[in-house]
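Visitor: Let me give you the structure first, and then I'll get to my questions.
The values are calculated or read from the model by the stated rules, or taken from the named source; none is laboratory data. Computed from a predicted structure; not experimentally measured. Virtual Cβ from ideal backbone geometry, glycine too; neighbours counted across all protein chains shown.
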Amino acid sequence: MDQRAPRRRRREQAASGARASTAQLPAAASLADHAGLEARARALAARGDRQLLGITGAPGAGKSTLGDRLVEAVGPTAVLVSMDGFHLAQEELDRLGRALRKGAIDTFDGDGFLALLRRIREAAGEVVYAPRFRRDLEEPIAGAVPVRPEHALVVVEGNYLLDAAPSWSEVRKVLDEVWYLEPAEELRVERLVDRHLSFGLDRDAAIARALGSDQHNAERIRLGRSRADLVVR
């Protein structure tokens, strides 16, 4: 039996109870306040034990951009781990008939993602390897991101960090803090269209995807907004 499991359950239950007891709306911050966001991330990194900071929001919200900025600001004691590394392989998506919905919650290995986060939390004295998603290949690559003992802040970015579905709802309990990114909707959609164009779609197909499956996912992600600690607009 894993001797760390009872400690993990106590910590997750305490975190969940504390959030439930406050019953308050998330705090708000500005996307333009780079210095303030970076200072908040540095304060988390300085708490002593390892902290996991979640960055979530709809597709095109700028999660990876902000995550990279925070890691750079904190320095060598921070690392970025992306939920996108838990995309199911293209071959498996084809087998399941989900390839056209890539990015939906059931096109990720949610249990595997949760297990990695728990290991990052509990095995702070070890190197833990996380996967990375390669957009040029449209495939996850295992063991690409080393989370080292000196990483006091692990920034975790992904779409479904605040989802209420089984397994996914446990993700929130492992994270010390979660920021929900909410840029102007027109800007978010424009970013998505540009992203799809950059990976070879023509403009009509890029717009159709941004306003189709991407928008469906965005609407689901917004349902978790109230469970964030901070809404960044």
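Visitor: If only one of 5, 15, 58, 32 is in contact with a helix residue (DSSP H, G or I) (Cβ under 6 Å, 6 or more places away or on another chain), modelled with pLDDT under 95 and of a type in the set (Gly, Ala, Ser), which one is it?
Guide: Matching residue, one of 5, 15, 58, 32: 15.
Visitor: Between a first residue in segment 180-208 that is closer than 17 Å to residue 221 by Cα and in contact (Cβ under 8 Å) with a residue 40 or more places away in the chain and a second residue that is surrounded by fewer than 16 Cβ atoms within 10 Å (Cβ to Cβ) and among the basic types (Lys, Arg), which pairs have beta carbons less than 6 Å apart while being 6 or more apart in sequence or on different chains?
Guide: So the pair list comes out as 182/233.
Visitor: Please go through segment 106-133 and give me each residue that is of a type in the set (Gly, Ala, Ser), under 15 Å from residue 49 (Cβ atoms) and in contact with a strand residue (DSSP E or B) (Cβ under 8 Å, 6 or more places away or on another chain), ordered by number.
Guide: The answer is none; no residue qualifies.
Visitor: Taking the conditions exactly as written (at pLDDT below 95 and in a helix (DSSP H, G or I)), does residue 69 satisfy them or not?
Guide: no
Visitor: Where residues in segment 60-101 are among the basic types (Lys, Arg) and without any contact (Cβ under 8 Å) to a residue 24 or more places away in the chain, which of them is surrounded by the most Cβ atoms within 10 Å (Cβ to Cβ)?
Guide: 98
Visitor: Suppose we filter segment 103-154 for residues that are of a type outside the set (D, E, K, R) and surrounded by fewer than 12 Cβ atoms within 10 Å (Cβ to Cβ); how many remain?
Guide: 6
Visitor: Also: Of all the residues that make up segment 72-104, how many are out of contact with any His (no Cβ under 8 Å at 6 or more places or on another chain) and in a strand (DSSP E or B)?
Guide: Looking only at that region, the number is 4.
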